[in-house]
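See structure below.
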Amino acid sequence: MRILATNDDGIRAEGLWTLASELSRIAEVVVVAPDRDHSGAGTSVTLRQPLRITRIESPVQAIPAYSVEGTPADSVILAINAILRGKNIDFVVSGVNEGPNLGDDVFISGTVGAALQGYLRGIRSIALSVAGSGALHFEVAARVARILVSSITMADLSHRLLLNINLPNLELRALKGIEVTRLGERKYPDGIESRYDAERDYYRIIRGNSEWHAPPGTDVWAIRQGLISLTPFPVAGAIESMTQWEFFQQLAIHVYHELLNEAKEV
């Protein structure tokens, strides 16, 4: 099994390498990620500038790593069509992002945008984020990614899928469970700041405090309850005799059961 690991925080981000190291326990992992932070890049693809790939020294032994002078979406496109051209990719896993990707924010998320490029090419894809700042429990999210990949593989789910996973910033033993969720709604009171740099006027977009609409069953609500949020996006085709929602409910139960087992060993 081969996994493409990527992110939007940049090739040197701690979350990316915690993820890659954990996934290497069950698969061949190749890391291809932007050479710098591209948070908020969404699904942006570079069309009018050349893109360069640099193989870098990997901080994790036996995991090849490449940096891309481009966006998260560029990184996945180049990985599939250049670096790993002609090779099978079983999963694209994007993250672990520093901070949440919840509600309407998924539409500007570089983490989700990278995973989307895999999904659009028929590859099972997962985006992972930890809701918090400062000292984050990347290792817990990486465990979830490994268990998810193994569980989906065991279920023999060959259809493309896209999952957006958000975790509260908690230790493994403190997690309250996993909820299959839908997107919440988030509104930003955006403002504009005008400045002058001695040559011309320029502007900055300033985001104020966000306003959430987060009823039960949404990703934002789940995080507030100390739950892992698993938000599935549309899947192509039926999943055996079960409805898609039932499949993801069973997947969530299985993943949490495996997490509990591992928590006993910690």
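Quick note: the coordinates plus some simple rules give every number you see, no bench work behind them. Bear in mind that the values here come from a model prediction, so they are computed numbers and not experimental data. Counting neighbours? That spans all protein chains shown, and the Cβs are built from the backbone with ideal geometry, glycine included.
Quick one: grab the alpha carbon gyration tensor of the range 144-219, order the square roots of its eigenvalues as a ≥ b ≥ c, and give me rounded if a/c is under 1.5, else prolate or oblate depending on whether a/b is larger than b/c. Could the numbers behind the result be given before it?
On the way: a/c = 2.87, a/b = 2.23, b/c = 1.29.
It is prolate, given that a/c is not under 1.5 and a/b is the larger ratio.
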Could you tell me the center-to-center distance, by alpha carbons, between the range 133-180 and the range 67-91 in angstrom? 23 Å
Which percent of Cα pairs goes in each bin when the distances of the range 13-110 are cut into 10 angstrom slices starting at zero? 15, 48, 33, 5
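Net charge within 13 Å of GLY42 by Cβ-Cβ distance, Lys/Arg positive one each and Asp/Glu negative one each, not counting GLY42 itself? Don't skip to the answer; put the middle values down first.
On the way: positive: none; negative: ASP8, ASP74, ASP104, ASP105.
Net charge around GLY42: -4.
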Based only on Cα atoms, what Rg/Rh ratio does the chain have, Rh being taken as Kirkwood's radius? 0.98
One can check that the equivalent ellipsoid of the range 83-124, built from the alpha-carbon gyration tensor with semi-axes equal to the square roots of five times its eigenvalues, has lengths in Å, largest first, of 23, 11, 8
State the Kirkwood hydrodynamic radius of the range 1-59 in Å, one decimal place, computed from all pairs of distinct Cα atoms. 12.6 Å
Taking the chain and counting helices only, DSSP H stretches of n ≥ 4 at -39,500 (n - 2.57) each over all residues, the nearest-500 ellipticity at 222 nm comes to -8500 deg cm²/dmol
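With a ≥ b ≥ c the root eigenvalues of the C-alpha gyration tensor of the range 79-232, is it rounded (a/c under 1.5), prolate (a/b larger than b/c) or oblate?
oblate
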